[in-house]
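Contents: one structure, followed by commentary.
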Amino acid sequence: MNPDESMFRIVPTETLGPCRYDSPLGAMRQRFYTDGEWVIRRTRSHEFEELEGPPFECFERSGAREKLYFRPQDTTVGIVTCGGLCPGINDVIRAITFAAAEGYGVKQVLGFQYGYEGLVAKYYHRPIELNPDNTDDIHEKGGSILKSSRGPQDTGEIVDTLQHYCVDILFAIGGDGTMRGVRDIHDEIARRGLRISVIGVPKTIDNDISLVERTFGYETAVESAWSTITSAHAEAKGYRNGIGLVKLMGRDSGWIAASTALANSNVNFCLIPEVPFDLEPPNGFLEHLRRRLMRRAHAVIVVAEGAGQNLFEGEYERDKSGNKRLHDIGVLLQEQIERFFAEQNTEINLKYFDPSYLIRSTPANANDSEYCLRLGHNAVHAAMAGKTNCIVGLHCGVLVNLPMPMIGERKRVDPNGWTWQSVLQATRQPADMTHEE
Ligand SMILES: Nc1ncnc2c1ncn2[C@@H]1O[C@H](COP(=O)(O)OP(=O)(O)OP(=O)(O)O)[C@@H](O)[C@H]1O
Ligand SMILES: O=P(O)(O)OC[C@H]1O[C@](O)(CO)[C@@H](O)[C@@H]1O
Ligand SMILES: [Mg+2]
């Protein structure tokens, strides 16, 4: 069904060419989807005024297509995992391997090791052949069986390697940096006039990929953080003026901290990168903490690692991929809270929790595992139909193929949005803890 063009416009994904081959999934009487099945892009009410032309953009639904671009028995698939770890990476590797090898019967599935390094000859990381036997139980483990890495690699050399191994389809599982890598690899492939599909499966516990409702691993990370809050609460209530201070990941987006504060509403202060705060009285965080202790004699604080960077001076160091190494807000808060109450001759008992890597190295929970399976399957469906330079992700509750050029700025918590307003209601912290008028 085509949408009414005056009202709706489908944003198509790039395709390598016409699809000539019958899908073997037809023999399984699987339901096929067409490019004409679409999902309306989520648009906030204030964005309507800025829209030009047809007001509703639509994305094509993910799903198996009846006709394929690649002939399965001639097709070689590659998988690579890059960036930080995340619960569910192995689930996605397994789902891609099973869908490609068992579902479509492709010739070969190659796992490139150590991120984009594994696609550059000078590192001598040989790819491993993946099959249903050696990926059978990997979803029960955290981490990535293919290993990962950060740091730039030469795009030309990456494409040389794809050609060397006759790779027809590359699946890159990673975060925002990895997706930019997909775009560069795609551009080089196009420049060389090659017929290789590159598909991204967005992974990040930070949940910060634009247009994607939820990235896999995020929910598991929140679930792991939940139990740390329970411990912090017990410690806080176990002593006079007890304070449980928990630092969670989230460089630029405070989704994990905000969701954890909602999931375990023992949190009294949630500090995220999107909402700046000051420390000192009259309206800084420390004064509000003092008032909270006066009322209830204990407090639980959750701080995202990217929060309060305005409180530091000095340049940032960078990691190999160019990401900022942030100043340690957890340690600064610990020091400043202890100093502040010592100056007031008030006894406090502060316990500091930093579960950073614990929450991202665990296996995926059941809901994330299910999501990973569907992402893996639908990434394979998209690639076999010749789609390229796109990602698969959940949008308005439905899996869609999103063209890479649509993926814009990082998704961040909106201080006026539903999530943050719920956090304010649950914590009862002031909306503004700055000295600004
Ligand atoms: N702008 C870019 N262009 C091309 N490649 C990039 C770009 N940014 C990052 N990459 C590459 O993508 C890979 C992963 O990037 P990065 O380390 O930033 O992790 P990520 O994919 O963003 O995951 P995470 O969310 O865990 O940080 C690295 O090899 C990096 O060099
Ligand atoms: O220490 P690493 O491995 O560079 O990863 C840390 C970063 O990874 C992320 O979890 C994103 O994957 C960030 O929130 C965090 O700052
Ligand atoms: Mg990143």
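The values are calculated or read from the model by the stated rules, or taken from the named source; none is laboratory data. All figures in this text were calculated on a predicted structure; none of them were measured in a lab. Cβ: placed from backbone, ideal geometry, glycine included. Neighbour counts: every protein chain shown.
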> Does residue 128 fit the bill of being touching a helix residue (DSSP H, G or I) at 6+ places or on another chain (Cβ under 6 Å), free of Cβ contacts under 8 Å to residues at least 60 places away in the same chain and farther than 30 Å from residue 66 by Cβ?
Replying inline: no
>> Among the residues of region 327-356, what is the count of those that are within 16 Å of ligand 1 (Cβ to nearest atom) and in contact with a helix residue (DSSP H, G or I) (Cβ under 6 Å, 6 or more places away or on another chain)?
In response: 0
> Which residues, taken from region 406-420, are touching an Asp or Glu at 6+ places or on another chain (Cβ under 8 Å) and either of a type in the set (Lys, Arg) or outside any loop (DSSP other than H, G, I, E, B) (or both)?
Replying inline: 410, 411, 412, 420
> In region 210-220, how many are crowded, with 24+ Cβ neighbours inside 10 Å and among the hydrophobic types (A, V, I, L, M, F, W, C)?
Replying inline: 1
> Assuming residue 319 fulfils every condition listed in (1) under 21 Å from residue 86 (Cβ atoms); (2) over 31 Å from the mean Cα position of the chain (by Cα); (3) of a type in the set (Asp, Glu) apart from one, which condition is it?
Replying inline: (2)
> Which of the residues spanning region 235-274 are under 26 Å from residue 325 (Cα atoms) and among the basic types (Lys, Arg)?
Replying inline: 247, 251
> Can you name the residue in region 71-88 that is touching a Gly at 6+ places or on another chain (Cβ under 7 Å) and among the hydrophobic types (A, V, I, L, M, F, W, C) and is also farthest from ligand 3 (Cβ to nearest atom) among such residues?
Replying inline: 79
>> Can you pull out every residue in region 162-187 that is away from ligand 3 (no atom under 15 Å from the Cβ) and buried (at least 20 other Cβ atoms within 10 Å of the Cβ)?
In response: 162, 167, 168, 169, 170, 171, 185, 186
>> Quick check on my filter: what residues within region 87-109 are in contact (Cβ under 8 Å) with a residue 60 or more places away in the chain, over 26 Å from the mean Cα position of the chain (by Cα) and not in a helix (DSSP H, G or I)?
In response: 105
> Would you pick out the residues in region 121-155 that are on the phi < 0 side of the Ramachandran plot, part of a loop (DSSP other than H, G, I, E, B) and within 16 Å of ligand 1 (Cβ to nearest atom)?
Replying inline: 125, 142, 144, 146, 148, 149, 150, 152, 153, 154
> Tell me, which residue of region 172-196 that is farther than 26 Å from residue 249 by Cα and under 22 Å from the mean Cα position of the chain (by Cα) is nearest to ligand 1 (Cβ to nearest atom)?
Replying inline: 184
> Is there a residue being part of a loop (DSSP other than H, G, I, E, B), within 21 Å of residue 392 (Cβ to Cβ), of a type in the set (Lys, Arg) and modelled with pLDDT of 95 or more anywhere in region 50-72?
Replying inline: yes
> Looking only at region 184-210, which residues are touching a Phe, Trp or Tyr at 6+ places or on another chain (Cβ under 8 Å) and in a loop (DSSP other than H, G, I, E, B)?
Replying inline: 204, 205, 206, 207, 208
> Of these, 320, 351, which one is surrounded by fewer than 20 Cβ atoms within 10 Å (Cβ to Cβ), modelled with pLDDT of 95 or more and within 16 Å of ligand 3 (Cβ to nearest atom)?
Replying inline: 320
>> Every residue in region 204-236 that is modelled with pLDDT of 95 or more, within 15 Å of ligand 2 (Cβ to nearest atom) and acidic (Asp, Glu), please.
In response: 219
